[in-house]
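The values are calculated or read from the model by the stated rules, or taken from the named source; none is laboratory data. From a predicted model like this one, the values you see are computed outputs, not experimental measurements. With ideal geometry, Cβ positions are generated from the backbone for all residues, glycine too; neighbour counts draw on all protein chains shown.
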Amino acid sequence: MNLKTHTANLVSAGAPSFRGVDELDQANRDLGWTIEYRQLEKSHSSACFLMAEHHGILLSGEFFGTPVHIIGEAAHGAFTFVVPITSGNGCRAQRHTFGDEDLLLFPSGAEVDMVTSRAAGDLALTVADTDLRDAAAALFPGACLFAELDGQIHPGSADGLSAVGTGITEALSNQRTDPESLSELLARCIALVADSGGATDEKLVRNDAKGQVVARALDFIESRLARPIRLEALCHHARVGIRVLQRVFRERLGVSPTQYIKARRLNAARRLLATGVSPETSVSEIARRCGYAHLGRFSVDYRSHFGESPRQTLRR
């Protein structure tokens, strides 16, 4: 997704537009952030900014029509992942050049010193230090991914960065803001750091042990089918990291853990719709019983999976 598309999505989601970075600077001061924006070229430029918080994760997006110097300190007590959107133009952070294939990392209180190009911006995810450590330990056990980091640039895969950028944009647009989607988004951020640093939780798992891993994971999924299932919690209960869990699921079930959870919920809903509900039970109630907080998302997923709407199944 390019800069123009990201900007259009944020504006459609209600991102306030500013006639210049001075107005954006004031808006951030009003929020208590220790960040200053300095416009570097003469221009009647515009900027837009949007921020939202869901389930303890802060998401933000900002875009500028002119080169800007961003200086200050990162949030204290939290860790920030930044996906730059540079449109192929070179930008600088901490006096190093970065581009669209890099991930910027800002630990608690780290120096922020970025210079953007014309028509550039970024998408950011900020999470509390303790939540990040807990998630990283569950997803990549034994790997010290965020120990003593300073603000730095990590190379990332194009697909991984695109998935994170899209996830942040969707959350800012009030799509996919449920705990599971945000857990998956955070896991993608952590995986980008793990991959760029060569960290892995890969290990040999005996065939009989693979069955035990799957069994523990499935037991946990069944016990929480109506509630949010975070990837880090699933890894913790399966007693393996995310890479091993994904590999074993694909070997044994042919799908990823998140795909299995969705399929299990949809099949449970179909059974209830077809045979197990009273006439007074609504489709929305069944969706909630099967772990869907939003009826619209349930209906879209159900039709995609079964080729008919939930109401069509209910009427049969």
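List of remarks:
- Residue match in region 267-284 (condition: part of a loop (DSSP other than H, G, I, E, B) and among the acidic types (D, E)): yes
- Considering (1) at pLDDT below 95; (2) under 22 Å from the mean Cα position of the chain (by Cα); (3) assigned to a loop (DSSP other than H, G, I, E, B), the lone condition that I229 does not fulfil carries the number (1).
- Scanning region 47-74 for residues that are more than 24 Å from T177 (Cβ to Cβ) and modelled with pLDDT under 85 yields A47, F64, G65, T66.
- Total residues in region 54-75, condition assigned to a loop (DSSP other than H, G, I, E, B) and among the aliphatic types (A, V, I, L, M): 2
- Matching option when the condition is out of contact with any Phe, Trp or Tyr (no Cβ under 6 Å at 6 or more places or on another chain), over 23 Å from R176 (Cα atoms) and hydrophobic (A, V, I, L, M, F, W, C), among V240, V300: V240
- All positions within region 146-175 that are surrounded by fewer than 18 Cβ atoms within 10 Å (Cβ to Cβ) and in a loop (DSSP other than H, G, I, E, B): F146, A147, E148, L149, D150, S157, N174, Q175
- For region 75-103, a tally of residues being within 19 Å of the chain's Cα centre (by Cα), at pLDDT below 90 and of a type in the set (A, V, I, L, M, F, W, C) returns 2.
- Residue in region 105-116 that is modelled with pLDDT of 90 or more, under 30 Å from I242 (Cβ atoms) and in a helix (DSSP H, G or I) present: no
- Flag if T130 is at pLDDT 85 or above, under 28 Å from I242 (Cβ atoms) and β-branched (V, I, T): yes
- Among the candidates H6, H44, residue that is under 23 Å from P155 (Cα atoms) and modelled with pLDDT under 80: H6
- Where a residue in region 77-98 is within 14 Å of T116 (Cβ to Cβ) and its partner, wherever it lies, is in a strand (DSSP E or B) and of a type in the set (S, T, Y), with Cβ under 8 Å and at least six apart: G90/T97; C91/T97
- Matching option when the condition is within 30 Å of V193 (Cα to Cα), assigned to a helix (DSSP H, G or I) and either more than 26 Å from the chain's Cα centre (by Cα) or among the β-branched types (V, I, T) (or both), among V240, V244, V300, V255: V244
- Check on A215, exposed (fewer than 14 other Cβ atoms within 10 Å of the Cβ) and either modelled with pLDDT of 85 or more or in a loop (DSSP other than H, G, I, E, B) (or both): yes
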